[in-house]
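The values are calculated or read from the model by the stated rules, or taken from the named source; none is laboratory data. Bear in mind that the values here come from a model prediction, so they are computed numbers and not experimental data. Neighbour counts run over all protein chains shown; Cβ positions are idealised from the backbone, glycine included. Protein only, heavy atoms only, side chains kept; ligands, DNA and RNA dropped before computing areas. Shrake-Rupley method; radii C 1.70, N 1.55, O 1.52, S 1.80 Å.
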Amino acid sequence: MKFIYRFLPVSLAILMVLGSWLVSMGQADARTINKVRINWPIIAGAVSYRLEIMKAPDSSLTNRVKAVNRIPVNGYELNTEDMPEAEHYYWRVCPLGYNGNVIGDYTDIKPLKNEELNPSMPRGTTEFNRMAYVPLYPVFSWIPVAGSGGYDVHISREKADSPGQYQVIRSFQTDSNVLYEDGGYTWPGRYMWQVRSVDKNGQPNTEWSEPDYFTVENRVKVAALGDSITHGGGTCNTPPGYVIYSWETYSKVPIKNLGHSGDTVQDMAARFDRDVVCFSPKILVIMGGVNNFRAGESGWDTIAAMEQILAECQLHDIIPVFATATPINADLMQHVETVEEPVWNWQAEQEILNQWIMNQPYHVDVTTPLKDEYGQLKENFTTDGLHPDHEGKRIIGEIIANYLLTTFPEYDLLNK
């Protein structure tokens, strides 16, 4: 350009330089950071997180620009429209407990510019790709979109006659960034799911997310029938779909998760033909009853439902392995708003059920290692008093896997 300017009138050269400057300014404006999506690895035991934005890689108060408390997921979309220097800022997070108290160290300080700038689509947080099998009832989750009025979710299945092409089979609308789906996926094949944000009028305001895929098998060696403790999730906020709070994660034996949150043993028995038979498992781990005895049901009524499941297993030539019902912590439950307090005599009904389980030919005790001297779920194993968190789930998974490998060596259970 300098060579050309030498042969042009001064006024014209000035105009050309000015034009080039305006173009460069326009490009800079196009790169303006309006939003940054920050994502961090989930921290064990965190109910929520505190995010801090800083002017420099220094944690002193004078450098702090903004703090956001009680972020319920391991990611956050930060609106930076009022932060003209955002590209020069830094961030860090720390885990919070149920009452918003800090329970761990801050993460390392990182540059904000290295995160996702001006994301155009949501980002999923499910970890199906890290599981031996996708759960029968997958829970879809994503980092909330800043300013969203809701979300559309599509689940598609690959066409049998056109590999690589997918057809939408289920569609949902939700206000939350977590979708519990009750349909269940029993039809074998390859699936994908996507989510997009919509505004308050229901009109899309983002693109569809990158596809996340999962596969449904038609046969498995080992499956687990249960309630939310089998389904997964923990620390009040973390939904199933994260491996850290799924006991199947800690099992050396690949296990198909047939859990469904909220189930009683009667519910488990009612869905046996639909949810178990189609996978033809050789062995079925059965763990439930917490939602029965905490509501005051007689242990004998719960046993009657367990006997229905036992009869179904015998009818379909499935080996039933009964796991004892896990304990709860009534003292903690009464302080958690989202959990209903148990009846006063829950331990007596739990004991009746567990005695029956321990008298079955194939049984495994997961209760004893989880309970304290008063028979309650150890406080350091749970946040809400009802669900074991990561350490409790690890104990359950390891105990069940060791029992299966020791009891059934002929089935080569380490391989799917």
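Below are the figures for this structure:
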quantity	calculated
Rounded accessible area of L413 (nearest 10 Å², 1.4 Å probe)	10 Å²
Net charge of Cβ neighbours under 15 Å - reference D412; Lys, Arg +1; Asp, Glu -1	+4
Net +/- balance of residues flanking I71 in space, Cβ distance below 14 Å, scoring K and R +1, D and E -1	+3
The chain - convex hull of alpha carbons, volume per residue in Å³	202 Å³
Between helix 346-358 and the chain: long-axis angle, C-alpha atoms, 0 to 90°, nearest 10	70 degrees
The chain: relative contact order as a whole-number percent, Cα under 8 Å and 6+ apart	12 percent
Accessible-area value, H154, 1.4 Å probe, nucleic acids and ligands omitted, Å²	50 Å²
With DNA, RNA and ligands ignored, accessible area of T62 (1.4 Å probe; Å², nearest 10)	110 Å²
Options Q350, G392, G289, ranked by Cα towards positive dipole end of the chain, top entry (Cβ charges)	G392
Dipole in debye (nearest 20) - the stretch 154-280, about Cα centre, beta carbon charges: Lys, Arg +1; Asp, Glu -1	320 debye
By average C-beta atoms within 10 angstrom, highest first, the peptides 95-107, 381-393	381-393, 95-107
Average Cα contact separation per residue, the stretch 166-264, under 8 Å, 6 or more apart, as relative contact order %	22 percent
Magnitude of the charge dipole, the stretch 286-416, Cβ model with Lys/Arg +1 and Asp/Glu -1, debye to 20	300 debye
Crossing angle, helix 299-315 versus the chain [Cα axis fit, 0-90 degrees, rounded to tens]	90 degrees
Principal axes of the stretch 258-416: Cα extent on each, largest first, Å	45, 29, 27
Charged-residue dipole, Cβ positions (Lys, Arg, Asp, Glu), the chain about Cα centre, Debye nearest 20	1940 debye
Rounded to 10°, Cα long-axis angle of helix 10-30 versus longest principal axis of the chain	10 degrees
For the chain, built as a Gaussian network whose Cα springs stay under 10 Å, the top-fluctuating residue of Q347, Q355, Q308	Q355
Furthest towards positive pole of dipole, I328, Q376, I255, structure part the chain, Cβ charges	I255
FRET E, pair T338, Q173, Förster distance 22 Å, beta-carbon r, rounded to 0.05	0.45
